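Below is one structure; the comments refer to it alone.
Just so it is clear, none of the values below were taken in a lab; they were calculated from the coordinates. Everything numeric here is computed off the predicted structure, so don't read it as measured data. No Cβ is skipped: glycine too gets one built from the backbone with ideal geometry, and neighbour counts run over all protein chains shown.
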Amino acid sequence: MKTTIAHLKRGEKGIIKDIPIDIIPVKLFEMGCLPGNEVELLQVAPFKDPLYLNINGSFLSIRRETALLIEVEKINETPEI
Amino acid sequence: MILTNKQIKVALIGNPNTGKTSVFNQLTGLNQKVGNYPGITVEKKEGICKLSRGVKAHILDLPGTYSLNATSLDENVVIELLLNKNGKDYPDVAVVITDVENLKRNLLLFTQIKDLKLPTILVINMADRMDRKGISLDIESLEQKLNTRIALVSSRKGTGIDKIKELILDYRSLSTEPCVNASAIDQPYFENLQNAFPEHELYKLWLVITQDANFVELNRHAVPVPDTSSFNTKSRSELKRLQQREAIHRYQFINGTLKEGYKTDIHAAKGLRATLDRILTHKVWGYVIFFAILLLMFQAIFKWSEYPMDFIDQSFASLSEWAKNVLPAGVFTNLIAEGLIPGIGGVVIFIPQIAFLFLFISILEESGYMSRVVFLMDKGMRRFGLSGKSVVPLISGAACAIPAVMATRNIESWKERLITILVTPFMTCSARLPVYLIIIALVIPDERFMGLNYQGLMLMALYLIGFIAAVGSAYILHKLLKTRTRSFFVVEMPNYKIPLFKNVAITVVEKTKSFVFGAGKIILAISIILWFLASNGPSERFDNAEQIITERHQGENLSEGELDTEIASYQLENSYIGIVGKAIEPVIQPLGYDWKIGIALVSSFAAREVFVGTLATIYSVGSEEEGTIKNRMAKETNPQTGGKLFNLASGVSLLLFYAFAMQCMSTLAIVKRETNSWKWPMIQLVFMSAIAYVTALIAYQVLK
């Protein structure tokens with residue numbers, strides 16, 4: 001299973017790998033959600049939705065359904081198990 | 001060159017949350033007016049700014065937008081305006097407002113505007129936060145790279161505003177060269193495009209093509225653009241890929257530019273934001289705080305505004321009395337004293353509630369808190385087709401639907417906004433309360449069941465019914481309404497800021513003005529018509545009421561006051577409204593009402609609370625004191641059954657009727673204004689009345 005933004009835990013960071021362009025709104029990549037950029041999960045709303053992110057210096061919240069589409073590579077700041 | 005007669009046309013453009021409105025307020029002061037763009041309900045703010053040497057600038061504050069790819073009606077306005085070179089609003093110079101803390105993202109829009117080959121000024125706002133955030137700028141380097149002139153501004157402190165004025169005055173010397181070469185993302189495609197339409201600007205052509213791919217249709221009549229549908233060499237997904245490449249291309253340029261001109265000391269950063277977010281979006285405290293704020297808002301609209309409203313009510317009553325005494329008796333005086341003055345009073349009476357609500361809302365918006373509300377409430381509201389922001393109008397609707405409907409302006413998605421507007425009037429507003437209280441007192445026993453008072457339970461049930469009707473119909477509308485624009489949820493979480501008093505004050509004044517001069521006209525007109533119908537009648541019985549009643553009660557030794565109330569009752573019965581009330585009797589009989597209630601139903605269309613007063617007149621009760629009216633109503637018998645007219649069945653039927661019916665012309669007027677057509681208020685009127693009728697009918701027939 002691929003890792004997406006929705007799989008990050010609070011405070012975890014990742015690098016955006018792949019975005020399904022056809023279904024992701026233009027607005028999102030204009031806000032900096034582009035491959036190669038860093039994303040940090042800041043906060044999760046009750047019922048796990050929506051998610052509050054820092055993408056490339058922009059603070060925004062998106063729904064879980066959108067977050068599940070954006071593939072990331074976790075930045076491991078804790079030692080690997 | 002002297003430009004004394006000509007105003008320089010300036011458009012303020014920028015992302016939301018960059019302090020664009022503050023800059024606009026600084027430039028124009030109170031010298032501004034707020035209207036609508038023709039045909040749509042997007043706010044159009046314009047104002048005049050005095051430059052120097054007698055030159056004035058006409059400033060247009062365009063809706064906030066993240067880029068030139070529209071995803072909402074508001075953003076579409078910006079694009080249509082900038083694509084239409086011959087339009088009357090087409091600017092001489094564009095002023096792009098950015099926030100120094102979000103410069104990277106804000107510059108994306110700037111580079112797009114530059115591609116339109118407009119003279120463009122860059123305003124870097126919130127300069128007062130630079131020290132705290134450890135940001136330093138090399139203005140000269142930025143100006144050179146971005147091919148523009150820069151004004152470093154703090155709209156909060158009012159610094160740098162003169163620099164903007166200076167640059168506007170000198171707009172002819174600004175560069176119109178782009179700073180990014182957008183066509184580099186697909187050279188052959190853009191060359192072909194230019195060759196196909198040689199007389200048009202390349203970037204505008206690209207915008208026209210991609211706009212259609214974005215699902216927001218351009219108004220072809222408003223924008224003189226070529227028909228690009230023949231130029232169909234790319235599929236939608238290829239176009240989107242190109243758009244992504246365009247965004248990457250622009251960000252590469254911006255990153256390169258900022259590397260030299262923008263320094264930030266990370267250690268100085270880290271602020272209040274994280275701490276506040278942890279509390280305000282907390283899964284328990286977040287809700288506790290939000291509901292505490294809602295409670296405070298509700299108190300203000302419901303309770304605090306009572307004092308100014310009572311004052312307004314009494315002032316207009318005295319004014320009406322005074323006019324009647326001073327002016328010579330006659331039809332014209334009656335029109336002024338009984339039609340016009342109370343009609344205006346009926347508009348002014350809403351001002352305290354509107355002012356209070358918008359005081360709160362603009363503080364919540366300005367501070368950045370509203371985005372956190374959306375974050376907290378989105379999941380719960382989404383399934384009903386509502387926005388996280390719909391909570392505020394819905395709760396305010398429990399005080400009064402009029403300010404509540406106006407408060408929906410902040411909801412970005414048109415569908416979510418429309419649903420909120422349509423369902424808000426179901427919430428139990430304060431005008432329903434007098435009707436509920438008197439009928440509950442009349443038909444629900446004042447007894448306790450397991451320590452709970454039946455009357456209290458009934459009142460609570462009515463509030464609950466209103467709320468369920470609101471979210472229930474929202475859910476149905478959500479399933480029924482189809483929109484062309486796809487809505488997705490990408491919400492910026494702006495920095496927390498202390499609201500600027502000036503911005504809050506201007507919002508409150510503007511909202512109040514737009515109610516008084518927008519919906520006020522309709523309310524005044526309808527209330528004068530209703531007054532006319534209640535105080536005139538077609539037959540001699542109406543004209544000779546005084547004589548008829550005096551003769552009828554001869555020898556009964558009635559006091560003058562008693563006689564007057566008898567006359568008033570007889571007149572109302574024979575007025576046009578009385579005739580309508582009688583005419584609808586067959587229709588409302590199955591609900592358990594007689595023609596007298598019919599008259600009260602018709603006249604309470606002006607405002608629900610009129611119901612009680614009308615019954616008082618028709619039962620010729622001299623005072624409006626509740627106890628007296630109640631006693632009189634309790635005695636009323638139903639001519640058909642011989643039993644009491646107000647019994648449990650007819651009482652519950654009336655309560656349900658008032659819970660659902662759209663008995664409020666002021667709400668209809670404001671819905672007309674906010675949706676810009678009579679279509680939606682009429683649909684609301686028909687459907688709500690139908691639901692009211694059916695539920696009241698069922699209740700009466702079952703309980704009878």
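Label the stretch B:520-703 by shape, choosing from rounded, prolate and oblate, from the square roots a ≥ b ≥ c of the eigenvalues of the Cα gyration tensor; if a/c is under 1.5 it is rounded, and otherwise prolate applies when a/b is larger than b/c, oblate when it is not.
oblate
With +1 on each Lys and Arg Cβ and -1 on each Asp and Glu Cβ, and nothing else charged, work out how big the dipole of the stretch B:520-703 is about its Cα centre, in Debye to the nearest 20.
Dipole magnitude for the stretch B:520-703 comes out near 1000 debye.
Based on the Kirkwood radius over alpha-carbon pairs, what value in µm²/s does the Stokes-Einstein equation return for the translational diffusion coefficient of the stretch B:66-185 at 20 °C and 1.002 mPa s?
For these conditions, the coefficient is 141 µm²/s.
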Mind checking A:58-68 for the average number of partner chain beta-carbons within 10 Å of each residue's beta-carbon?
5
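Given C-alpha coordinates of the protein assembly as shown, what is the ratio Rg to Rh with the Kirkwood estimate of Rh?
Details: Rg = 30.9 Å, Rh = 29.6 Å.
Using Cα coordinates only, the ratio equals 1.04.
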Let me have the 222 nm mean residue ellipticity of chain B computed from DSSP H runs of 4+ only, each contributing -39500 (n - 2.57), with the sum over all residues rounded to the nearest 500.
-17500 deg cm²/dmol
Convex hull over the Cα atoms of chain B, averaged projected area in nm²?
38.2 nm²
Starting from the amide H of B:Lys644, placed 1.01 Å from N in the peptide plane, find each other amide H under 5 Å away whose residue is 5 or more places distant or on another chain.
B:Asn638
If you take the square roots of the eigenvalues of the alpha-carbon gyration tensor of the stretch B:516-596 and sort them as a ≥ b ≥ c, do you get rounded (a/c under 1.5), prolate (a/b over b/c) or oblate?
oblate
Just to confirm the filter: which GluC sites (Glu not before Pro) across the stretch B:518-574 are DSSP coil and have at most 12 other Cβ within 10 angstrom of their Cβ?
B:Glu556
Which listed residue (B:Ser396, B:Phe290, B:Met682) has the Cα farthest towards the positive end of the charge dipole for chain B, taking +1 on Lys and Arg C-beta and -1 on Asp and Glu C-beta about the Cα centre?
B:Phe290
DSSP loop trypsin sites (Lys or Arg not before Pro) in the stretch B:82-151 with at most 13 other Cβ atoms within 10 Å of their Cβ, which ones?
B:Lys85, B:Lys88
For the stretch A:5-74, using Cα atoms only, the Rg and Dmax in Å read 10.6, 29
Binned at 5 Å from 0, what are the whole-percent values of the Cα-Cα distance distribution for the stretch B:87-157, short to long?
3, 16, 26, 26, 15, 8, 4, 1, 0
Which pairs in the list B:Lys133/B:Lys165; B:Lys679/B:Lys704; B:Lys9/B:Lys502; A:Lys74/B:Lys482; A:Lys2/B:Lys20; B:Lys145/B:Lys389 are over 29 Å apart, alpha-carbon to alpha-carbon?
B:Lys679/B:Lys704; A:Lys74/B:Lys482; A:Lys2/B:Lys20; B:Lys145/B:Lys389
Largest first, please: the extent of the C-alpha atoms of the stretch B:298-450 along each principal axis, to the nearest Å.
62, 47, 26
Under the definition of Cα pairs under 8 Å and six or more residues apart, what whole-number percent is the relative contact order of chain B?
10 percent
List the trypsin sites (Lys or Arg not before Pro) within the stretch B:283-324 that DSSP assigns to loop and that have no more than 12 neighbouring Cβ atoms inside 10 Å.
B:Lys283
If one takes the longest principal axis of the Cα atoms in chain B, at what angle in degrees, from 0 to 90 and to the nearest 10, does the Cα axis of helix B:454-480 lie?
40 degrees
From the Cα gyration tensor of the stretch B:8-267, with a ≥ b ≥ c the square roots of its eigenvalues, which class applies: rounded if a/c is under 1.5, or else prolate if a/b is larger than b/c, or else oblate?
oblate
For peptide B:375-386, how many partner chain Cβ atoms fall within 10 Å of a residue's Cβ, on average?
3
Sites removed, the longest contiguous part of chain A containing no DSSP-loop trypsin sites (Lys or Arg not before Pro) with at most 15 other Cβ within 10 Å is A:11-81
Note: B:Lys635 to B:Asn676 extended length (0.36 nm per residue) minus current alpha-carbon separation gives 10.1 nm
If you wrap a convex hull around the C-alpha atoms of the stretch B:244-380 and split its volume per residue, what is the figure in Å³?
255 Å³
Under a point spin-label approximation (7 Å from Cα along Cα-to-Cβ), what is the B:Ser235-B:Asn36 distance to one decimal in nm?
4.1 nm
Using every alpha carbon pair in the stretch B:1-93, what percent of pairs falls into each 10 Å bin from 0 up to the bin containing the largest distance?
16, 48, 30, 6, 0
Using the Cβ atoms and a cut-off under 13 Å, what net charge is assigned to the surroundings of B:Val423, where Lys and Arg are +1 and Asp and Glu are -1?
+1
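About the Cα centre of chain B, what is the dipole size in debye to 20, counting +1 per Lys and Arg Cβ and -1 per Asp and Glu Cβ, all else neutral? Show your work: numbers first, answer last.
Numbers: 73 positive and 64 negative charges, 552 e Å.
Rounded to the nearest 20 debye, it is 2640 debye.
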Roughly speaking, what is the centre-to-centre gap between the stretch B:294-372 and the stretch B:110-144 when only Cα atoms are used, to the nearest Å?
45 Å
Can you give the FRET efficiency to the nearest 0.05 for B:Asn255 and B:Ala505, using r as the Cβ-Cβ distance and R₀ = 30 Å?
0.15
So what are the ³J(HN,Hα) numbers for the stretch B:104-119, from phi and the Karplus equation (6.51, -1.76, 1.60; θ = phi - 60°), rounded to whole Hz, Gly and Pro as x?
4, 5, 5, 6, 4, 5, 4, 5, 5, 4, 4, 5, 7, 6, 9, x
